[in-house]
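Below: one structure, written as structure tokens.
The values are calculated or read from the model by the stated rules, or taken from the named source; none is laboratory data. Here the structure is a predicted model, which means the values were calculated and not measured. In this analysis, Cβ positions are derived from the backbone assuming ideal geometry, glycine residues included, and neighbour counts consider all displayed protein chains.
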Amino acid sequence: MFKSEGGCIIKHMKKRLMTGFTPTGKLHLGHYVGNLENLLKLKSEYDAFLILADVHALGTPSFSNLRYAEIQGYTIDVTRDLLSVGLSEDEVTYYVESEIPEIYELAALFSMYVSHNRALRNPTIKDEIKVKELGDQFSLGFVNYPMYQAADILCVKGEMVPVGKDQEAHLEQAREISKTFNMIGKNNNFPEIKTLIGRVGKLIGTDGNPKMSKSLGNTIFLSASPEEVEKKVMNMYTDPKRIHSTDPGTVEGNPLFIYLDAFSAEVHKNQIEQYKELYKEGKVGDVELKKYLISVLNEFLEPIRERRKQYDDAKVLDILKKGTEKAREEAKNTLREVKETLKLIY
């Protein structure tokens, strides 16, 4: 909302879209099909805000006390990735979490209405503790991640939130928080949060792991050079049961075909369908398919590489500064509304 010259409250002309990224490394192909593709489709329909959740990165278990200095560089890298895919600063408001202290005050207030057991019951939190074998060696900030994410979203009153499949449980918790505060104040200060999952919820890793992840080293970055793409694809996992190129192969669940389906332009569709039939019949080898996938991925990535050249560090930092100033004004207004609801304005 904003005020007109007459002091009347006017609603946003467009609905508010919000999403974000934790800058623990450069963005990869999984981020594109899981989230960015939806952002590119929706950016003109919504008033779009995108957060660089740098403080969240401190709670990421792989970021020890010795690695915190990397976060600022990754914040710049991730922003450059986002700009390079076509989310220009004219269409998206970029903001940095650590530069908006109101977010932490909101998160603290939200945490008063979420039980400790509810926080630990979050499936994504539970899965990460198990998969990364954290035991009880994780920070309170790690457990509180969903509260901070709720504050990231609600500080700008995001209603449409495109995310990857693994973030769905966090969004459910954010919805609960939003509803709780609307009930407390008997108003509708916060919108109903709608989740939009990407076309490919989780992109399989190049090593066959069910999820592409920076920490597993099974990624192809959006900033990858042609040489890096070639190296990753030539080492890609395929069908483990297929010993010879003349053996019938399995298409379903095969990373080669998952990537071809996900990243090929329409002009390649007929060729890919032919390759699938040949693969099942043992009439095409993995090497030929990998070379074809390399050409498809480089065709997809080349426009991103070209746009990347427009954004040096100074330009990226200027974009972040301007967007953060805008988002902070929104956050200040939101925090005041919440404190008024809780009778914390004196």
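Quick one: in the range 292-337, which of the residues that are touching a residue at least 60 places away in the same chain (Cβ under 8 Å) and more than 25 Å from Glu37 (Cα to Cα) is surrounded by the most Cβ atoms within 10 Å (Cβ to Cβ)?
Ala331
Of everything in the range 228-247, what is surrounded by fewer than 15 Cβ atoms within 10 Å (Cβ to Cβ) and either more than 16 Å from Tyr292 (Cα to Cα) or assigned by TED's automatic domain parsing to the domain that holds Val78 (or both)? Give them in sequence order.
Pro240, Lys241, Ile243, His244, Thr246, Asp247
Each row is one residue, and each column tells you yes or no for (1) crowded, with 22+ Cβ neighbours inside 10 Å; (2) within 28 Å of Arg305 (Cα to Cα); (3) in contact with a Lys or Arg (Cβ under 6 Å, 6 or more places away or on another chain).
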residue: Leu36; (1), (2), (3): yes, yes, no
residue: Lys43; (1), (2), (3): no, yes, no
residue: Asp47; (1), (2), (3): no, yes, yes
residue: Gly59; (1), (2), (3): no, no, no
residue: Leu82; (1), (2), (3): yes, yes, no
residue: Asp90; (1), (2), (3): no, yes, no
residue: Val96; (1), (2), (3): yes, yes, no
residue: Glu99; (1), (2), (3): no, no, no
residue: Glu102; (1), (2), (3): no, no, yes
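Could you check how many residues of the range 179-234 are touching a Phe, Trp or Tyr at 6+ places or on another chain (Cβ under 7 Å) and among the small types (Gly, Ala, Ser)?
Qualifying residue count, the range 179-234: 1.
Does the range 215-224 hold any residues that are touching a residue at least 60 places away in the same chain (Cβ under 8 Å) and either under 12 Å from Lys290 (Cβ atoms) or surrounded by fewer than 18 Cβ atoms within 10 Å (Cβ to Cβ) (or both), and which are they?
Taking the range 215-224 first, the residues touching a residue at least 60 places away in the same chain (Cβ under 8 Å) are 215, 219-224.
Within the range 215-224, Ser215, Ser223 meet the criteria.
State which residue is modelled with the lowest pLDDT when the search covers only the range 109-134 and only residues that are aliphatic (A, V, I, L, M) and within 14 Å of Ser178 (Cα to Cα).
The residue in question is Val114.
Give the range 248-284 a look and list any residue that's among the small types (Gly, Ala, Ser) and surrounded by fewer than 17 Cβ atoms within 10 Å (Cβ to Cβ), or say none.
Residues satisfying the conditions are Gly253, Ala265, Gly282.
Just to check your reading of the model, which residue among Leu297, Leu335, Leu317 is assigned to a helix (DSSP H, G or I) and under 30 Å from Asn270 (Cα atoms)?
Just a single option satisfies the conditions, and that option is Leu297.
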